[in-house]
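Notes follow the structure.
Each value in this text was obtained by applying a stated rule to the coordinates, not by laboratory testing. Values in this document were obtained by computation on a predicted structure and should not be read as measured data. Heads up, the Cβs are rebuilt from the backbone with ideal geometry, glycines too, and the neighbour counts pull from every protein chain shown.
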Amino acid sequence: DDEVGWLGEQQGAAISAEDAAARLKTINYEVASRLMARLPRVAI
């Protein structure tokens, strides 16, 4: 099975919201806010 890491650190490599924003030609806040809107919320 293949794993994909979107943000964070995995196997010694890391990508930040700033890195993703540069690739998408936007700002880091937009990357974070769009990603957070798609993540499920779980109340504990």
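Restricting to Cα atoms and excluding each atom paired with itself, what does the Kirkwood estimate give for the chain in Å? The partial results should precede the final answer.
Values: mean 1/r = 0.0848 Å⁻¹.
When all Cα pairs of the chain are included, the Kirkwood radius is 11.8 Å.
How much length is gained on full extension from N28 to W6, taking 0.36 nm per residue of separation minus their Cα-Cα distance?
Residue separation times 0.36 nm, minus the Cα-Cα distance, leaves 6.6 nm.
Taking trypsin sites (Lys or Arg not before Pro) as candidate sites, keep only those in a DSSP loop with at most 11 other Cβ atoms within 10 Å, then name the longest stretch of the chain containing none of them.
1-24
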